[in-house]
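Worksheet: one structure, shown below.
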Amino acid sequence: MYDEQHDTPAVGPLAGFTVGITAARRADELGVLLQRRGAVVQHAPALRIVPLADDGELLAATKELIAHAPDVVVATTAIGFRGWVAAADGWGCGEELLGCLRGVELLARGPKVKGAIRAAGLTEEWSPSSESMAEVLDRLLAEGVDGRRIALQLHGEPLPGFVEALRAGGAEVVVVPVYRWMPPEDPGPLDRLLDTTVARQVDALTFTSAPAAASMFSRAEERGLLPELLDALRHDVLPACVGPVTALPLQARGLDTVQPERFRLGPLVQLLCLELPARSRVLPVAGRRIEIRGHAVLVDTELRPVPPAGMALLNALARHPGWVVSRPDLLRALPGAGRDEHAVETAMARLRTALGTPQLIQTVVKRGYRLALDPAADAKYAEE
């Protein structure tokens with residue numbers, strides 16, 4: 001299948017890549033977006049959400065606000081605000097809560113929250129164009145918060161510095177924990193994702209909440225895998241976060257992350273469509289163009305899946321394009337191969353079969369193997 005206008009293969013931008021999803025919420029939506037672009041998806045929820053109706057903290061905070069109305073309510077997420085109203089309905093105090101909210105200064109973090117507020121028959125007083133809680137904080141502090149009672153609807157994780165800054169300004173802050181994160185009941189999928197990440201068998205990990213990242217690090221530490229996980233995310237596996245708040249637990253551990261300009265799932269996927277192919281190695285080999293992706297190779301216009309052992313050999317050859325790589329060096333590149341160099345020959349035969357073009361890799365008798373770089377490219381890499 002081709003794009004006739006540009007005569008290019010209609011291979012998805014994420015074809016040949018594996019992407020891990022840690023989200024508990026909207027994971028199906030994110031997975032569909034990734035798969036439509038060709039990715040293989042591995043989903044392992046790093047968290048579970050405590051059902052609202054069972055959350056005594058939320059009930060207590062709701063009753064407190066109804067009894068003693070605040071001056072300002074800050075709504076941070078649409079799902080959180082809707083869930084709060086629905087839970088109050090279930091407890092028989094929904095109308096009392098709405099009546100309370102009608103009489104206060106209601107601030108919405110972004111357009112989705114505004115929609116949820118209006119769907120409840122309420123009207124927000126203001127919403128930041130940036131969808132940033134930092135801008136909300138700036139507005140509140142500029143207005144002056146001394147002596148004011150401010151309710152903050154949390155969205156699963158604390159907002160670093162937000163509550164502290166308000167309290168330092170003299171405000172009384174009531175936090176409304178609309179839903180809380182807990183570790184997954186079944187850690188099996190998360191353990192499998194940790195194992196494949198450490199083994200570099202995923203190309204990117206996506207995070208849509210800070211607690212998911214924190215939970216993954218906590219589970220890795222429990223299993224003694226934290227150093228290996230951090231090393232993988234630092235060098236080989238791309239950590240992609242939906243926004244700056246989500247990225248905080250990763251940045252606190254010295255990890256660089258990528259984030260879209262707009263904090264949404266669609267832009268996050270679009271960013272991966274740019275970042276992952278840009279990390280691929282492209283080489284002219286034996287008159288063909290090969291692009292080495294996570295678990296497959298694009299040979300001209302055809303995507304060829306490659307088994308893990310073959311990919312390990314191909315990456316070792318591609319690190320020294322055109323140069324002969326010895327069998328002992330290739331053996332060291334094979335995961336769990338032991339000491340038998342025959343494993344290299346077996347894996348190399350399977351790699352050539354997977355590529356569909358055996359002449360891409362040359363055997364150099366008694367020395368090893370090399371990629372059959374085109375002459376001009378061969379000279380270029382020799383000069384380097």
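The values are calculated or read from the model by the stated rules, or taken from the named source; none is laboratory data. Bear in mind the structure is a predicted one, so any value in this text is a computation, not a measurement. Cβ atoms come from the backbone with ideal geometry, glycine included; neighbour counts cover every protein chain shown. Each accessible area value is taken on the protein alone, full model and side chains, heavy atoms only, with ligands, DNA and RNA left out. Shrake-Rupley method; radii C 1.70, N 1.55, O 1.52, S 1.80 Å.
For the reader, a short list of remarks on this structure follows.
- Here the alpha carbons of the range 129-285 define both size measures, Rg and Dmax, at 18.8, 71 Å.
- Taking amide H positions as modeled 1.01 Å from N, with prolines and chain starts lacking one, the residues under 5 Å from Val176 and 5 or more places away or on another chain are Leu152, Gln153, Leu154.
- Cross-link partners of Lys63 among aspartates and glutamates (Cα-Cα below 18 Å; sequence separation of 8 or more within a chain): Asp54, Asp55, Asp71, Asp89, Glu95, Glu96, Glu172
- Note on Lys366: aspartates and glutamates with a C-alpha under 14 Å away, same-chain residues under 8 apart excluded, are Asp329, Glu341, Glu345.
- Surface calculation, 1.4 Å probe, protein heavy atoms: Arg37 sits at approximately 70 Å² accessible.
- Within the listed set Gln201, Gln42, Gln362, the residue fluctuating most in the Gaussian network model of the chain (springs between alpha-carbon atoms under 10 angstrom) is Gln362.
- The long axis of helix 27-36 is offset from the longest Cα principal axis of the chain by roughly 40 degrees.
- Residues in the range 186-273 average 41 Å² of solvent-accessible surface per residue, probe 1.4 Å, ligands and nucleic acids excluded.
- What the Cβ-Cβ distance of Arg26 and Asp231 gives, at R0 = 30 Å and to the nearest 0.05, is a FRET efficiency of 0.55.
- Across Gly99, Gly16, Gly80, mean-square fluctuation computed from a Gaussian network of the chain (C-alpha pairs under 10 Å connected) peaks at Gly99.
- Cα Rg, Dmax, the range 129-205, angstrom units: 18.8, 54
- Taken along its three principal axes, the alpha carbon spread of the chain comes to 85, 50, 36 Å, from the longest extent down to the shortest.
- Local net charge near Gly103, Cβ-Cβ under 15 Å (Lys/Arg +1, Asp/Glu -1): -3
- Between Asp138 and Leu248, the simple label model (points 7 Å from Cα in the Cβ direction) yields a spacing of 1.8 nm.
- The trypsin sites (Lys or Arg not before Pro) of the range 221-263 that meet both conditions, a loop assignment by DSSP and at most 16 other Cβ atoms within 10 Å of the site Cβ, are Arg223, Arg253, Arg262.
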